[in-house]
Amino acid sequence: MAIGILLVGGFGTRLKPLTNQTPKPMLPVGGLPVTEHQLLAAKKAGITTVILATSYLSEVFIPYFGDGSKWGMQLKYAVEKEPLGTGGAIRNAAELIDLEAAKAEDEEFVIFNGDVLSHHSIAAQLEFHRKNKADITLHLISVEDARAFGCVPTDDQGRVTAFLEKMDNPVTNAINAGCYVFSPSVISDIPLNKVVSVERETFPNLVNSGRPVFGYSEQSYWLDIGTPAALFKGSRDLVNGAFAAGEGTTFGPDSLATGGSSIGANCEIGQGVRIENSIIGDNVKIGAGALIRDSFILHGSEVQADAQIVSKYLSPTENLEISPA
Ligand code: GDD
Ligand code: MG
């Protein structure tokens, strides 16, 4: 069965200050870290061995996910001292696997950008890859504005004819959705311990040299949570309009959570508290009468009684403004 690699080493710059202490893939949406949603999707497709390619705040992942047995999976961790870019990260992660054995058995790798929530069928993408005997098969979706993404034109067989990362005048609305099937030989061709971008080097080079790179188009739920607005949307979508709260969380009388808010486990919500369109971590205490709107409250924070927290990032050590972009 295919092996998964999750790219979770980026700095999450557009999400600052939310990513000051938490790497982007560990931010909770709908009560669970983005990475956990992705692991569950991988498992559903039968992928049980997954390598987390970490760099920035790498130490946050291991205490939460451990060896993966809690999810019935086998997790391994690759750590880049300095970020190696998406291609370098994939090559570095594959060092934890016997690549020659993978080649002999034609065992594919499924690579996931670590900040994407996607409901597409990974199993169907793998099937499409095998049918085409492709080197790489990219999941493609269509978006209204393709400028912030990798733009991917294909021919009528689904063969990729160019890969154009972030361009001002996109030639198509079909974009790279950030989930790739790689044949094992393509991974061993990426140089080890060098900064390499798959988007700017590997994909365009393979396409230009006529290698079989395919696009698997499936238009299902898809979201890159890379900005605060997108992160809140992702969480709201998962919570489905109402609100969600984790185990052990208690609500005082007349408290109200709305607008797709999600609240973690073991929180104490005081009397008359209002929570709107917000993401609250685990072990948070909120004093009576407080209002929390459009805010991100990190695990372990404490909110004073009657506090008005609007568009804020609150952690046990920081209290900062969230810019909406
Ligand atoms: N391990 C590791 N090392 N991971 C990295 C590194 C690195 O040096 N650099 C980035 N990543 C991870 C990030 O953590 C993220 O999960 C993923 O790679 C993609 O990086 P982003 O910074 O989120 O890229 P983007 O959103 O601008 O663009 C990418 O995703 C789009 C779809 O959401 C590209 O792949 C686009 O082509 C694509 O359309
Ligand atoms: Mg992204």
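So that you can scan it fast, the table gives a plain yes or no per residue for (1) in the same structural domain as residue 201 (by TED's automatic domain parsing); (2) more than 12 Å from ligand 1 (Cβ to nearest atom); (3) at pLDDT below 95; (4) not charged (D, E, K, R):
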{"residue": "85", "(1), (2), (3), (4)": "yes, no, no, yes"}
{"residue": "93", "(1), (2), (3), (4)": "yes, no, no, yes"}
{"residue": "102", "(1), (2), (3), (4)": "yes, yes, yes, yes"}
{"residue": "108", "(1), (2), (3), (4)": "yes, yes, no, no"}
{"residue": "115", "(1), (2), (3), (4)": "yes, no, no, no"}
{"residue": "131", "(1), (2), (3), (4)": "yes, yes, no, no"}
{"residue": "137", "(1), (2), (3), (4)": "yes, yes, no, yes"}
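So which of 16, 44 is surrounded by fewer than 20 Cβ atoms within 10 Å (Cβ to Cβ), more than 14 Å from the chain's Cα centre (by Cα) and within 16 Å of ligand 2 (Cβ to nearest atom)?
16
Among the residues of region 222-257, how many are part of a loop (DSSP other than H, G, I, E, B) and either of a type in the set (Lys, Arg) or away from ligand 2 (no atom under 16 Å from the Cβ) (or both)?
Adding up the residues that qualify gives 12.
Specify which of the listed residues (98, 106) is of a type outside the set (S, T, N, Q), within 17 Å of residue 180 (Cβ to Cβ), out of contact with any strand residue (DSSP E or B) (no Cβ under 9 Å at 6 or more places or on another chain) and open to solvent by 30 Å² or more (accessible area, probe 1.4 Å).
From the options 98, 106, the qualifying one is 106.
Of all residues being away from ligand 2 (no atom under 16 Å from the Cβ) and of a type in the set (Ser, Thr, Tyr) in region 173-216, which is surrounded by the fewest Cβ atoms within 10 Å (Cβ to Cβ)? Just the residue, please.
Looking at the filtered set, the residue picked out is 209.
Being assigned to a strand (DSSP E or B), in contact with a helix residue (DSSP H, G or I) (Cβ under 8 Å, 6 or more places away or on another chain) and over 19 Å from residue 193 (Cα atoms) is the filter here; which residues of region 58-83 pass it?
75 - this is the single residue of region 58-83 that is assigned to a strand (DSSP E or B), in contact with a helix residue (DSSP H, G or I) (Cβ under 8 Å, 6 or more places away or on another chain) and over 19 Å from residue 193 (Cα atoms).
Of (1) closer than 16 Å to residue 19 by Cα; (2) in contact with a Cys (Cβ under 8 Å, 6 or more places away or on another chain); (3) among the hydrophobic types (A, V, I, L, M, F, W, C), residue 284 satisfies all except one. Which?
If we test residue 284 against (1) closer than 16 Å to residue 19 by Cα; (2) in contact with a Cys (Cβ under 8 Å, 6 or more places away or on another chain); (3) among the hydrophobic types (A, V, I, L, M, F, W, C), just (1) comes out false.
Any idea which of 220, 261 is of a type in the set (S, T, N, Q) and either within 16 Å of ligand 1 (Cβ to nearest atom) or more than 20 Å from the chain's Cα centre (by Cα) (or both)?
Just one listed residue meets the conditions, 220.
For region 115-124, name all the residues that are outside any helix (DSSP H, G or I) and either surrounded by fewer than 24 Cβ atoms within 10 Å (Cβ to Cβ) or out of contact with any Lys or Arg (no Cβ under 9 Å at 6 or more places or on another chain) (or both).
Hits for region 115-124 are 116, 117, 118, 119, 120, 121.
Of 82, 127, which residue is closer than 20 Å to residue 10 by Cα and either open to solvent by 50 Å² or more (accessible area, probe 1.4 Å) or among the polar types (S, T, N, Q) (or both)?
82
The values are calculated or read from the model by the stated rules, or taken from the named source; none is laboratory data. Remember, predicted model here, so these are calculated numbers, not experimental data. Backbone-built Cβ (ideal geometry, glycine too); neighbour counts: all protein chains shown. Just so you know, the surface numbers come from the protein's heavy atoms only, side chains and all, with ligands and any DNA or RNA stripped out. Shrake-Rupley method; radii C 1.70, N 1.55, O 1.52, S 1.80 Å.
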